[in-house]
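Shown next, in structure tokens, is the structure this report addresses.
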Amino acid sequence: MWSLALKTLIADRGKLLTALVGVVFSIVLVNIQGGLFLGLIGKAGLLVDHGQADIWVGHRKMHNIDFPRDIPRRWVYRVREVPGVRRAESYMIGFADMTLPSGGFENVAVIGVDRSSLLGNAWNLTKGSPSSILQNDGIIVDECEGEKLEYLEMGELREIGNRRARVVGMSHGIMGFLVTPYIFTTYERAALYLRKSPSLCSYFLVQLQPGADAERVCAAIRQRVPELDAYPRDQYSWISVSFWMTRTGLGISFGAATLLGLLVGMVMVAETLYAMVLDRLGEFGTLKAIGATETQVYSILLVQALIMATVGSIIGLMTVAGIQHFFSTPRAPIMVPWWLSLSSCVLVLVICLIAALLPYLRIRKLDPMMVLQS
Amino acid sequence: MIADKEFNAMDREHAAVRVERIHKAYHNGTTSTPVLTGVDLAVRQGECVFLAGPSGSGKTTLLSILGCILSADQGEVRILDQDVITLNERRRAALRRNRIGFVFQRFHLIRGLTAAENICVPLTLRKVSPRTARQRAEVLLEAVGLADKANSHPGNLSAGQCQRVALARALAGDPDLILADEPTASLDGTNGQEVMTLLRQLTTEQGKAAIVVTHDHRIFSFADRILHLENGRIVRTTKPDPQAPPSESATGSKG
């Protein structure tokens, strides 16, 4: 039956191609739309994901890494006393203007990290080293922000918050969800750039002792300092991501576009399968006349739908890999995790099987006597 | 009623096909059009019976009932010792699949399949292994003179060759009954004669019953008996003239 289904499917290459285009379109759309969404929204938790901290501690009801509220730096001592905490360091985030050679200004997100541990510092450096920020006026910028910052070079001097800043390192791909470029420097220098008191910080970054349970330590921190909230890294990353998803409607708009694409793909597959069957009603009538059962007829359609789903998914995933390879950039990353690819294939398979139902209903009504009346 | 009177009581008991007093009407809203009005018919194994008559006389309807594709409204229908009236659709399909071979006027070959693969279809439906089915197809292609066309698609075969493939497909499952609907109507005279020669030869050799619906007087010589239908009844039974040679210029026609 497999052979019969396959050969009759291949016989009509034009329609097969149309159906495959529908499947490939659905797979590509789901993966690229989903990948772009995950890439974009994933940037909202970028600093948390790469911050090397097991726990993020901030003001109560903290909801987004980029918009912290100030907390007294001295509370870090109370956090350090919590059992399970190996290290806790201050971390500062704020916004300031950087001067540009053209005479303009660019708003930047200044990140100040503890100078002894460098916890929460820039990563993926292409020039300089993480400890470069210890140099006088040292800052690390991302090379992908060249256009906004008018192509900074190593050693170049700028002003941030009317204070001198010198480029001592360059990273690649540290681009947040906001449009403001990240600038990494020491905690004390960040306070100067941001014109804030060094006695106030944004977060405490906590590293745990081996074997310590993050959830328990978080609960203990909240108990010890009730004005603070504490979350394990993954949880706070998700909180930051959720902030943008729920408050901007981004999830709904991406989801709706993806759903629409799926719907178009499904209609294309169903329409093509139906058209193929209409073209071959005589053949199905013949099969019924010579004794094919309903199950056998439906299994032919199912096998054809399965073949289209499988071949279409393979071609679709290869196309996605190509698009990802050539078009994914730090500015618009396309993140396609395995579970997205797998679920898109399963979804398309289900759609194809459902799409096979439509022509089946037509064939079911088909009177095999038609072959004797032609 | 003028019935098929060629059979005596004993023959009827052992007939491959036995039909008694069947009626069939087509309904369209409140209108009912009778098509068969009390047909009696019996065909024994190894016999080749032709159903002839003008368009609308009920030939195709009768063939459909004999092929378990259509149900009679009244009467008794026994096909290969099975009371067809009592069978559900699934069992009717099984009877068609396992014991009846069909030859259609327009061949109805599956265009995506080669000649050999088309012949394998009834065997595939019976879950015969592909290897065995292929061997059987090759034997049959040899028998119908198309051994060299095994891998040709229907689009690359002539009408006569297609009908020979269709005949081989009908015989693939080694059925006890062959039903042919205007098998020469789409063929020219020579091909029509060749197909009928093959049909007759293969059914006689293998002792199969065959019922052929036809308009074509020039192939009547291949029949053992010819039942003439008019207005839904068998009005007379004739035997072909043994002196009359098969027509050299038989042409397909369907009124």
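Computed quantities for the displayed model
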quantity: Matching residues in segment B:105-116 - criterion: being facing chain A (nearest Cβ under 9 Å), within 21 Å of the chain's Cα centre (by Cα) and either small (Gly, Ala, Ser) or more than 21 Å from B:Gln201 (Cα to Cα) (or both); calculated: B:Arg106, B:His108, B:Leu109, B:Ile110
quantity: Qualifying positions in segment B:232-243 - buried (at least 17 other Cβ atoms within 10 Å of the Cβ) and either modelled with pLDDT under 85 or outside any strand (DSSP E or B) (or both); calculated: B:Gly232, B:Pro240
quantity: Test: residue in segment B:67-80 that is closer than 17 Å to B:Leu171 by Cα and either surrounded by 22 or more Cβ atoms within 10 Å (Cβ to Cβ) or at the interface with chain A (Cβ under 9 Å from one of its Cβ atoms) (or both); calculated: yes
quantity: Residue count, segment A:315-374 (criterion: within 14 Å of chain B (Cβ to nearest Cβ) and either of a type in the set (Phe, Trp, Tyr) or part of a helix (DSSP H, G or I) (or both)); calculated: 6
quantity: Test: residue in segment A:2-24 that is of a type in the set (Ser, Thr, Tyr) and under 25 Å from the mean Cα position of the chain (by Cα); calculated: no
quantity: Residues of segment A:250-292 satisfying the condition of being surrounded by 22 or more Cβ atoms within 10 Å (Cβ to Cβ) and among the hydroxyl-bearing types (Ser, Thr, Tyr); calculated: A:Thr272, A:Thr286
quantity: B:Asn156, sole failed condition from (1) surrounded by fewer than 16 Cβ atoms within 10 Å (Cβ to Cβ); (2) over 30 Å from B:Asp216 (Cα atoms); (3) at pLDDT 90 or above; calculated: (2)
quantity: Options B:Asp181, B:Asp174; residue that is within 14 Å of chain A (Cβ to nearest Cβ), more than 16 Å from B:Leu109 (Cβ to Cβ) and within 19 Å of the chain's Cα centre (by Cα); calculated: B:Asp174
quantity: Filtered residue count, segment A:41-63, keeping only those that are touching a Leu at 6+ places or on another chain (Cβ under 9 Å) and surrounded by fewer than 22 Cβ atoms within 10 Å (Cβ to Cβ); calculated: 5
quantity: Set A:Leu4, A:Leu118: member being within 14 Å of chain B (Cβ to nearest Cβ), among the aliphatic types (A, V, I, L, M) and either at positive phi or crowded, with 23+ Cβ neighbours inside 10 Å (or both); calculated: A:Leu4
quantity: Conditions (1) touching a strand residue (DSSP E or B) at 6+ places or on another chain (Cβ under 9 Å); (2) under 21 Å from A:Arg364 (Cα atoms); (3) more than 9 Å from every other protein chain (Cβ to nearest Cβ); number of the one not met by B:Phe102; calculated: (3)
quantity: Counted residues, segment B:119-144 - those being in contact (Cβ under 8 Å) with a residue 40 or more places away in the chain, over 15 Å from B:Asn98 (Cα atoms) and either outside any helix (DSSP H, G or I) or within 14 Å of chain A (Cβ to nearest Cβ) (or both); calculated: 1
quantity: Positions within segment A:8-17 being in a helix (DSSP H, G or I) and either crowded, with 18+ Cβ neighbours inside 10 Å or within 14 Å of chain B (Cβ to nearest Cβ) (or both), in sequence order; calculated: A:Thr8, A:Leu9, A:Ile10, A:Ala11, A:Arg13, A:Gly14, A:Lys15, A:Leu16
quantity: Filter result for A:Ser117 (in contact with a Lys or Arg (Cβ under 8 Å, 6 or more places away or on another chain) and more than 28 Å from A:Trp244 (Cα to Cα)); calculated: yes
quantity: B:Ala93 in contact with a Cys (Cβ under 9 Å, 6 or more places away or on another chain), at the interface with chain A (Cβ under 8 Å from one of its Cβ atoms) and assigned to a helix (DSSP H, G or I); calculated: yes
quantity: Flag for A:Asp66 being in contact (Cβ under 8 Å) with a residue 24 or more places away in the chain and either surrounded by fewer than 19 Cβ atoms within 10 Å (Cβ to Cβ) or more than 20 Å from A:Ala122 (Cβ to Cβ) (or both); calculated: no
quantity: Meets criteria (farther than 17 Å from A:Leu262 by Cβ and modelled with pLDDT of 85 or more) for A:Leu4; calculated: no
quantity: Members of segment A:153-177 found to be part of a loop (DSSP other than H, G, I, E, B) and either more than 24 Å from A:Ile65 (Cβ to Cβ) or more than 31 Å from the chain's Cα centre (by Cα) (or both), listed by number; calculated: A:Glu153, A:Met154, A:Gly155, A:Glu156, A:Gly161, A:Asn162
quantity: Evaluation of A:Gly173 against (1) buried (at least 19 other Cβ atoms within 10 Å of the Cβ); (2) touching a Cys at 6+ places or on another chain (Cβ under 8 Å) (one fails), failing number; calculated: (1)
quantity: Which listed residue, of B:Leu199, B:Leu229, B:Leu187, B:Leu171, is part of a loop (DSSP other than H, G, I, E, B) and touching a residue at least 60 places away in the same chain (Cβ under 8 Å); calculated: B:Leu187
quantity: Within segment A:41-70, considering residues that are in contact with a strand residue (DSSP E or B) (Cβ under 9 Å, 6 or more places away or on another chain) and not in a loop (DSSP other than H, G, I, E, B), the one farthest from A:Arg233 (Cα to Cα); calculated: A:His59
quantity: Residue count for segment A:85-115, restricted to those that are buried (at least 19 other Cβ atoms within 10 Å of the Cβ), farther than 18 Å from A:Leu152 by Cα and in contact with an Asp or Glu (Cβ under 8 Å, 6 or more places away or on another chain); calculated: 7
quantity: Filter pass, A:Leu38 being under 14 Å from A:Ala305 (Cα atoms), of a type in the set (A, V, I, L, M, F, W, C), more than 14 Å from every other protein chain (Cβ to nearest Cβ) and not in a loop (DSSP other than H, G, I, E, B); calculated: no
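The values are calculated or read from the model by the stated rules, or taken from the named source; none is laboratory data. Every value quoted in this text rests on a predicted model; they were computed, and no experiment measured them. Ideal geometry is used to build each Cβ from the backbone, glycine not excepted, and the neighbour counts take in all protein chains shown.
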